[in-house]
């Protein structure tokens, strides 16, 4: 059993998926099925690194933001109406979170490199969060597909960019999104993802990609390309298509972009 639990495929994929599926099924009627992505990410963190806040490294800041995001997302879903101003505010908050996370590392780089990497991290996080809230949060299928493609894409790209740890966290994010999608596909009925799901999925994907860029070998342009995933899952679907087919096609659209991100990461690493 110990050797099984130490397997990276279990730590980053199998265990997070099971935990997320339990949460998605148990809390769907309470409109909190989106917490599946938190369950998946927290499970991976527990297996890979454990929880701790000292010293407060960039990776531990990502942990904290990942835990706080669904709480804020649930508050938004239940207490506020979605507005364009709210999307802008969340986008700016995501950009600030990215800069807070990586600034101690960026401050040790040259001014030009710090500006390039910091700007890329902030713009990517802001775009993913803002666009997702405005265009995806109300559609459980497209939101789940975006989270799946973002997670698997950033996970695979991180591994290609020499960061296995961030790769496992990204794959766990994708596993949680897949677990959120699966009950909808089986039941043939969409659920509302809301910001309970979309905020942590989008923010964590952006931060993990940025972390792989700042701390490993992910090229900055691959991180920016990741921002096209939520755009891709918005592509038209066949009229009257069943829910399971909508999920498959939306995910496929996202995977095509994610594959391009992986190709850029692989090429940059030689």
Contact order relative to length for the range 57-140, counting C-alpha pairs under 8 Å separated by 6 or more residues, stands in percent at 37 percent
Between the Cα axis of helix 84-106 and the main Cα principal axis of the chain, the angle (0 to 90°, nearest 10) is 30 degrees
Note on the range 2-51: contact order normalised by length, alpha-carbon pairs under 8 Å, 6 or more apart, percent, works out to 37 percent
Rounded to whole angstrom, the alpha-carbon centroid of the range 244-260 lies from that of the range 128-149 at a distance of 13 Å
Taking Cα atoms, the helix 58-79 axis meets the longest principal axis of the chain at an angle in degrees (rounded to 10) of 30 degrees
The extension gain from residue 54 to residue 221, computed as 0.36 nm times the residue separation minus the Cα-Cα distance, is 56.9 nm
Computed from the beta carbon distance with a Förster radius of 30 Å, FRET efficiency for residue 192 and residue 18 to the nearest 0.05 stands at 0.80
Bounding extents of the chain in its principal axis frame from Cα atoms, largest first in Å, are 53, 50, 36
Most fluctuating of 229, 25, 37 in the GNM of the chain (C-alpha, under 10 Å) is 25
Between residue 7 and residue 46, the two model label points (7 Å from Cα along the beta-carbon direction) sit apart by a distance in nm of 1.9 nm
Most exposed to least, judged by fewest other Cβ atoms within 10 Å, 165, 57 sort to 57, 165
Here FRET efficiency (C-beta to C-beta, residue 107 to residue 75, R₀ 30 Å, nearest 0.05) is 0.40
The extension gain from residue 116 to residue 164, computed as 0.36 nm times the residue separation minus the Cα-Cα distance, is 14.9 nm
So, relative contact order of the chain in percent, Cα under 8 Å, 6 or more apart, is 26 percent
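Values quoted throughout were computed directly from the atomic coordinates according to the rules given, and no laboratory measurement underlies them. None of the values given here were measured: they were computed from a predicted structure. Note that each Cβ is placed from the backbone with ideal geometry, even for glycine, and that neighbours are counted across all protein chains shown.
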